[in-house]
Amino acid sequence: MREKRIDNLRKVLERRNLDVALVLYHLNVYYFNGTAQLGALIVPREEDPVFYVIRDYERAKEESEFKCIKARGFGEILSKVKDLKVGVDLSLVNGKISSRLSGIRFEDITDEILRLRMIKDRKEIKLISKAVDMCCEVLEKVPEILKDGMREFELSAKLEYELKMLGHDGYLEGRSSEYLPNVVAASSGSSKPSKLSAVTAGAGMSAACPIGSGKKRMRKGDVVWIDIGGRIEGYSSDITRCFTIGKADERVYETYERLKELYENCLKMMKEKVKVSEIFRKAFELARELEIFDGFMGRVEKMKFVGHGIGLNIDEYPVLGDFEEELRRNVVVAFEPKVILEDFTGLGIESDVLIREKPEVLDSISTELVEC
């Protein structure tokens, strides 16, 4: 399968009239080469790829699909391509490496690589499905774990334990930042915006770490929003479900039922050849009709999307926003309509959907608001 991925990358080089691809980002190295060790993969248009390894060489040799060569640093690696026309993967490239790129003729092929990764093969779909099942199994345990008086971070820690016991890789990776919380538990009043481009990322434990579950004690009447990510062999899932501790306020149930109606209507549209803009616009149109627009996709600032692709990163192409891009077969997206009430109580449903002629929802867990 990785040979086919390399062939697809070579087609990008041919189309852009480039001699080689220089793949730097560790998840892209893993995608093409089977190892995430520190180094760079050089893919010529015709010759075999070579992985130049900075650390760890022995492990890279065991895991790599292609020939490995020891390198002292990125300067030595760049010297191998200095006289060529190079397509560079600039995902999360730091300033030090960027400054050295000025010495070679290069073009940015980050977008092309992301679009290659967007279409999933059978193995990738199988791994994402396993990561989804992992989340569903853990979410099923919430009613027996969630208690009145428990702190948000305590719930998160217990759920993370369950994830790890099922084989979770240990962390999630976003495209614009290194690591993200595996579980965000946000109770009534905690669903506030943060530095992430998300409806809410939780209060976090301090101003230094302002994302994730916070220190607030959860009490009877609270709604508890749980955004959970699975990960197996690098492939992620992203699911959100909501629970209540005892009975919640009546407006919570009314709003949630309207949100569920929006979710079910938009879900039917999520099939190949449908433009992402149609889903995005329909979601906001329904939010107005159902009178949940004020807090829909954020109360302080509205997000400009209602979902995103998932795979090696928790947020990949395509973005379910106001774009003319069409959904394609074997793309997996996390569809996440969410509402934040005036008191920053969060209500949300997030499902992982495999795009085919008809949408295939990968998560089997109920979308009902569950009372604990």
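General observations
- Unmet criterion (only one of (1) at pLDDT 95 or above; (2) out of contact with any helix residue (DSSP H, G or I) (no Cβ under 6 Å at 6 or more places or on another chain)) for CYS68: (2)
- Single residue of the range 170-192 satisfying the filter (out of contact with any helix residue (DSSP H, G or I) (no Cβ under 9 Å at 6 or more places or on another chain) and open to solvent by less than 70 Å² (accessible area, probe 1.4 Å)) that is nearest to MET303 (Cα to Cα): SER191
- Residue list for the range 332-354, restricted to those being surrounded by fewer than 24 Cβ atoms within 10 Å (Cβ to Cβ) and over 18 Å from PHE296 (Cβ atoms): VAL353, LEU354
- Close pairs from the range 195-210: first in contact (Cβ under 8 Å) with a residue 40 or more places away in the chain, partner assigned to a loop (DSSP other than H, G, I, E, B) and among the aliphatic types (A, V, I, L, M), Cβ under 9 Å, at least 6 apart: SER197/MET303; ALA198/ILE211; ALA198/MET303; VAL199/MET297; VAL199/MET303; GLY202/ILE211; ALA203/ILE211
- PHE243 falls short on exactly one of the conditions (1) in contact with a helix residue (DSSP H, G or I) (Cβ under 8 Å, 6 or more places away or on another chain); (2) at negative phi; (3) in contact (Cβ under 8 Å) with a residue 24 or more places away in the chain; (4) surrounded by fewer than 21 Cβ atoms within 10 Å (Cβ to Cβ), and that condition is (4).
- From the list GLU272, GLU278, GLU291, the lone residue that is at pLDDT 95 or above, out of contact with any Pro (no Cβ under 7 Å at 6 or more places or on another chain), surrounded by fewer than 18 Cβ atoms within 10 Å (Cβ to Cβ) and assigned to a helix (DSSP H, G or I) is GLU278.
- Residue selected from the range 25-41 under the condition surrounded by fewer than 22 Cβ atoms within 10 Å (Cβ to Cβ) and of a type outside the set (Phe, Trp, Tyr), by the criterion farthest from GLY311 (Cα to Cα): LEU38
- Total residues in the range 152-199, condition under 18 Å from the mean Cα position of the chain (by Cα) and of a type in the set (Asp, Glu): 4
- Some residue of the range 146-155 being under 30 Å from VAL331 (Cβ atoms), in contact (Cβ under 8 Å) with a residue 24 or more places away in the chain and either open to solvent by less than 10 Å² (accessible area, probe 1.4 Å) or not hydroxyl-bearing (Ser, Thr, Tyr) (or both): no
- Within the range 294-310, being within 16 Å of VAL332 (Cβ to Cβ) and either without any contact (Cβ under 8 Å) to a residue 24 or more places away in the chain or part of a loop (DSSP other than H, G, I, E, B) (or both) holds for PHE305, VAL306, ILE310.
- Strands (runs of 3 or more DSSP E) wholly inside the range 29-99 containing at least 1 residues that are without any contact (Cβ under 8 Å) to a residue 24 or more places away in the chain and aromatic (Phe, Trp, Tyr): 50-55
- For the range 104-119, filtered to residues that are touching a helix residue (DSSP H, G or I) at 6+ places or on another chain (Cβ under 7 Å) and assigned to a loop (DSSP other than H, G, I, E, B), the residue that is least open to solvent (accessible area, probe 1.4 Å) is ILE109.
- Listed by first and then second residue, the pairs with beta-carbon distance under 6 Å, at least 6 apart or on different chains, first residue in the range 169-192 and without any contact (Cβ under 8 Å) to a residue 12 or more places away in the chain and within 29 Å of ASP111 (Cβ to Cβ), second open to solvent by less than 30 Å² (accessible area, probe 1.4 Å) and among the hydrophobic types (A, V, I, L, M, F, W, C), form an empty list.
- If only residues of the range 207-233 that are at pLDDT 95 or above and open to solvent by 40 Å² or more (accessible area, probe 1.4 Å) are counted, the one that is nearest to ASN313 (Cα to Cα) is GLU233.
The values are calculated or read from the model by the stated rules, or taken from the named source; none is laboratory data. Predicted model, so just to flag it, every value in this text is computed and none were measured. Note that each Cβ is placed from the backbone with ideal geometry, even for glycine, and that neighbours are counted across all protein chains shown. Areas reflect the complete protein model, heavy atoms only, side chains present, ligands, DNA and RNA absent. Shrake-Rupley method; radii C 1.70, N 1.55, O 1.52, S 1.80 Å.
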